[in-house]
1. Going Cα to Cα from Lys149, which aspartates and glutamates come in below 19 Å? Please leave out same-chain ones fewer than 8 positions away.
2. Considering only protein heavy atoms and a 1.4 Å probe, what is the carbon-and-sulfur percentage of the accessible area of segment 23-107?
3. Using helices alone, I'd like the mean residue ellipticity at 222 nm for the chain: each DSSP H run of four-plus residues gives -39500 (n - 2.57), total over residue count, nearest 500.
4. Got a sec? Which residues in segment 125-146 would a label at Thr116 touch, if it sits 7 Å along Cα→Cβ and we count backbone N under 20 Å?
5. So what is the accessible area of segment 20-164 per residue, in Å², with the probe set to 1.4 Å?
6. What FRET efficiency comes out for the pair Lys87/Phe10, r = Cβ-Cβ distance, R0 = 41 Å, nearest 0.05?
7. Using the crude model of +1 on Lys and Arg Cβ and -1 on Asp and Glu Cβ, and no other charge, please compute the dipole size for the chain relative to its Cα centre, in debye to 20.
8. Tell me which label goes with the value of Cα extents along the principal axes in Å computed from the coordinates here: (i) 53, 38, 27; (ii) 85, 43, 23; (iii) 46, 37, 33.
Amino acid sequence: ENIYIDIRSFRKNLEMFENIEEIKHWLLDLYTNTIQQREEKKSNRKEEIVNAAIDYIEYNYSNPSLSPELIADYVNISPNYLRSIFKEVKNESLSAFINEYRLKKARHLLETTNLTVSEISNSIGYSNSTYFYTAYKKFYGITPNQYRKIILYNQTEKIGTEID
């Protein structure tokens with residue numbers, strides 16, 4: 001990185017100190033602040049990359065080919081580095097995030113549409129509906145069909161209480 005140094009200002013600051021010990025502390029503080037600013041910039045860059053990856057996932061979650069490699073290509077970094085910084089910033093793996101995002105979309109579709117489970121599976125990027133069933137049950141503890149029955153039951157109960 002290019003660093004602009006104003007020699008006059010630097011010299012003026014040096015002249016303010018009375019002994020070498022004060023100069024040493026000043027230079028150490030200057031160094032520490034520079035390192036801290038650089039780390040913050042690096043951290044902000046990682047967050048920008050992760051946010052761009054999340055935006056890409058949100059827009060392309062329905063693509064069955066969505067993968068860390070495809071996302072890494074989009075944000076122009078290596079897949080391993082993307083996995084690493086994603087875990088660092090979000091405290092969860094990139095693959096887990098993609099899976100969770102898709103499953104939350106599926107749950108929303110189960111609640112708000114009459115699409116079949118197979119259609120929902122395809123619409124959120126699962127090309128294999130059996131795998132979708134397994135992933136959904138593992139994540140939520142019940143199958144998509146069981147969840148839909150619960151939703152329908154709750155809606156029927158709500159309608160029944162509104163009539164009474």
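The values are calculated or read from the model by the stated rules, or taken from the named source; none is laboratory data. Worth saying up front: this structure is predicted, and the values here are computed from it rather than measured. Neighbour counts run over all protein chains shown; Cβ positions are idealised from the backbone, glycine included. All accessible areas refer to the heavy atoms of the entire protein, side chains included, with ligands and DNA or RNA removed. Shrake-Rupley method; radii C 1.70, N 1.55, O 1.52, S 1.80 Å.
1. Glu111, Glu119, Glu157
2. Working: 2550 of 5490 Å².
Carbon plus sulfur share of accessible area: 46 percent.
3. Working: 8 runs with 129 residues, N = 164.
Dividing the helical sum by the residues of the chain leaves -26000 deg cm²/dmol.
4. 125-137, 143-146
5. Details: 9690 Å² over 145 residues.
For segment 20-164, the solvent-accessible area averages 67 Å² per residue.
6. Working: r = 41 Å, r/R0 = 1.00.
Calculated value: 0.50.
7. Values: 21 positive and 23 negative charges, 125 e Å.
Dipole size: approximately 600 debye.
8. Label (ii) holds the value from this structure.
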